[in-house]
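Shown next, in structure tokens, is the structure this report addresses.
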Amino acid sequence: MKIETSEASIIRLITEQKAFFATHQTKDIEFRLAQLRKLKDAILQNQKNIEDALYKDLHKSPEEVFLTEISLVLSEIDNHIKYLKKWAKPKKVPTPIHLQPSSSKIIYEPLGVALIIAPWNYPFQLLFNPLVGSISAGCCAVLKPSPDASNIAKVMEEIISETFDSNYISVIQGGRETNTILFAQKFDIIFFTGSPKVGRVVMKAASENLIPVILELGGKSPCIVDRDADLAIAAKRIIWGKLINAGQTCIAPDYLFVHSSIKDELLNKIKSNILLMYGENIKESRFYPRIINESAFKRLSGLLDEGKIFYGGEGDLEDLFFPPTIIDEVKPHFKIMQEEIFGPILPVMTYENLDEPLEYINKNEKPLAFYYFGGNKKARKVLTKTSSGGACINDVLLHIGNHNMPFGGVGNSGMGSYHGRESFLAFSHKRAVLTSPTWFDLSLKYVPFKHFKWIKKFL
């Protein structure tokens, strides 16, 4: 049973955070750096608790937890500690001649009190990574983890409550009712990670109070394997990216478009790599995660009715084990091609001419990620002729790990971006400031605009 948080306690918490933000303590750079260091220390001290909780929720191995959750947050914190002073420094910008001798600059202000809502698939990383940006920018934050990953949600609440005062950063637990209450409050920014369906609900609610939103959503991320691709590398990297977290990854390769001449060879290599990674008895592998709940399992099972199962198939509902599954001879109108899979099922379609998959991709919603395996010349073509939140050439997933690049969607897959400096900017307001001296005052700008013809020459 999901325990909801009352409206009164939510309103009280937000009021306390707004009052604390009004003291301006969070604007001090040294204060922000100290909080980032405290967060890092708390994570390191609780690493075993985080690993145990994620094993209970999703059967993630400690290795996968570190690679896909903990390490990404720790490296994000280190990146902000290293560069925050540089990012927060006012930026001088040129002043046009008609405004001189004034000077111009941009200063970076924290937006205020942030609401950060995370999903269940990477519950630690997707709650704490945005939090790093909030702290770095100087905001207060209300954190809302998913109730579907209840064990890690409790651990994260304990970490936050033991590390920070609630009037600065706090965790609120609950389900849909709690979300509805939160969406109705006047936050200064909402950072939401989840499905496009719920993203629309968030955006609609935020519009009532003109709250800026960052929406990190998802969609069907395509993967094209061209005839000149290195099939051994492609097979290994594709199935690795597909099976991390049992496919419950927003940037996982959702479906495969492969040139007909190499399809059979590629699928056999993919099958071989599954066995190499997880062994003959995948269910017994300590590295293979589980599906989050029965509802998600049954939804995945309902996608197996069309096409030809090349490998895998039905799993174990009681254990929430869903095996790696490859479905061949898939058609665009199949049910599996109508929604994001979010599981370890890889549908396969073939093509003869590269324009065929590009046309299909462009007819549908813009994906969060795009993957192409092939030569660089054609890679430039597919990037030019498509759009996506991010992309990898001859690899999958890895673009998320570069702090120097923004991570985010486009269109149906989201709006706004974060990671590295983009996270600092996500929770900041860029304030334009023009400073004018008093020793000079241009009389031409005043009514009755004498010598107006000269003013027009300068504008």
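Condition check ((1) farther than 30 Å from Asp28 by Cβ; (2) surrounded by fewer than 23 Cβ atoms within 10 Å (Cβ to Cβ)) across all residues:
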{"site": "Leu182", "(1), (2)": "no, yes"}
{"site": "Gln185", "(1), (2)": "no, yes"}
{"site": "Val198", "(1), (2)": "yes, yes"}
{"site": "Val201", "(1), (2)": "yes, yes"}
{"site": "Glu208", "(1), (2)": "yes, yes"}
{"site": "Arg227", "(1), (2)": "yes, yes"}
{"site": "Ala232", "(1), (2)": "yes, yes"}
{"site": "Cys250", "(1), (2)": "yes, no"}
Residues of the range 148-171 that turn out to be closer than 19 Å to Thr26 by Cβ and not in a helix (DSSP H, G or I), as a count: 8
Extreme residue, modelled with the highest pLDDT, among residues of the range 436-458 that are within 24 Å of Lys105 (Cα to Cα) and among the hydroxyl-bearing types (Ser, Thr, Tyr): Ser436
One residue from Val330, Val348 being β-branched (Val, Ile, Thr), more than 28 Å from the chain's Cα centre (by Cα) and under 27 Å from Gly375 (Cβ atoms): Val330
Flag for Ile270 being farther than 23 Å from Asp148 by Cβ, in contact (Cβ under 8 Å) with a residue 60 or more places away in the chain and buried (at least 23 other Cβ atoms within 10 Å of the Cβ): yes
Conditions (1) assigned to a helix (DSSP H, G or I); (2) under 18 Å from Pro145 (Cα atoms): number failed by Arg200: (2)
Matching residues in the range 27-50 - criterion: being farther than 21 Å from Ile172 by Cα and open to solvent by less than 30 Å² (accessible area, probe 1.4 Å): Arg32, Leu33
Count of the range 346-399 residues which are touching a His at 6+ places or on another chain (Cβ under 9 Å), open to solvent by 20 Å² or more (accessible area, probe 1.4 Å) and either of a type in the set (A, V, I, L, M) or under 17 Å from Leu231 (Cβ atoms) (or both): 2
First in the range 311-336 and closer than 28 Å to Lys56 by Cα, second anywhere and of a type in the set (Phe, Trp, Tyr) and not in a strand (DSSP E or B), Cβ under 7 Å, 6 or more apart: Gly315/Phe322; Leu317/Phe297; Leu320/Phe297; Phe322/Phe297
Test result for Phe424, of a type in the set (Phe, Trp, Tyr), under 30 Å from Leu115 (Cβ atoms) and in contact (Cβ under 8 Å) with a residue 60 or more places away in the chain: yes
Complete set of residues in the range 5-19 that are buried (at least 17 other Cβ atoms within 10 Å of the Cβ) and either in a loop (DSSP other than H, G, I, E, B) or not β-branched (Val, Ile, Thr) (or both): Thr5, Leu13, Glu16, Gln17
Check on Asn151, surrounded by fewer than 21 Cβ atoms within 10 Å (Cβ to Cβ), touching a Cys at 6+ places or on another chain (Cβ under 8 Å) and farther than 18 Å from Leu72 by Cβ: no
Residue within the range 83-106 that is among the charged types (D, E, K, R) and buried (at least 16 other Cβ atoms within 10 Å of the Cβ) present: no
Residue pairs meeting the criteria (Cβ under 9 Å; at least 6 apart or on separate chains; first basic (Lys, Arg), in the range 192-211; second assigned to a helix (DSSP H, G or I)): Lys204/Phe183
Tally of residues being over 26 Å from Ile29 (Cβ atoms) and free of Cβ contacts under 8 Å to residues at least 40 places away in the same chain across the range 111-137: 0
Qualifying position, being open to solvent by 10 Å² or more (accessible area, probe 1.4 Å) and of a type outside the set (A, V, I, L, M), among Thr178, Thr163: Thr163
Test for Ser301: is it of a type in the set (Ser, Thr, Tyr), over 26 Å from Pro62 (Cα atoms) and over 28 Å from the mean Cα position of the chain (by Cα): no
Within the range 56-125, strands (runs of 3 or more DSSP E) holding 3 or more residues that are more than 30 Å from Thr15 (Cβ to Cβ): 91-93, 103-110
Residue list for the range 400-433, filter: among the polar types (S, T, N, Q) and open to solvent by 20 Å² or more (accessible area, probe 1.4 Å): Asn402, Asn404, Asn412, Ser417
Sole exception among (1) without any contact (Cβ under 8 Å) to a residue 40 or more places away in the chain; (2) more than 22 Å from the chain's Cα centre (by Cα) for Pro62, by number: (2)
Search result, residues across the range 223-246 that are under 19 Å from Gly313 (Cβ atoms) and touching a strand residue (DSSP E or B) at 6+ places or on another chain (Cβ under 7 Å): Lys242
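The values are calculated or read from the model by the stated rules, or taken from the named source; none is laboratory data. Remember, predicted model here, so these are calculated numbers, not experimental data. Cβ atoms come from the backbone with ideal geometry, glycine included; neighbour counts cover every protein chain shown. Only protein heavy atoms, including side chains, enter the accessible area calculation; ligands, DNA and RNA are left aside. Shrake-Rupley method; radii C 1.70, N 1.55, O 1.52, S 1.80 Å.
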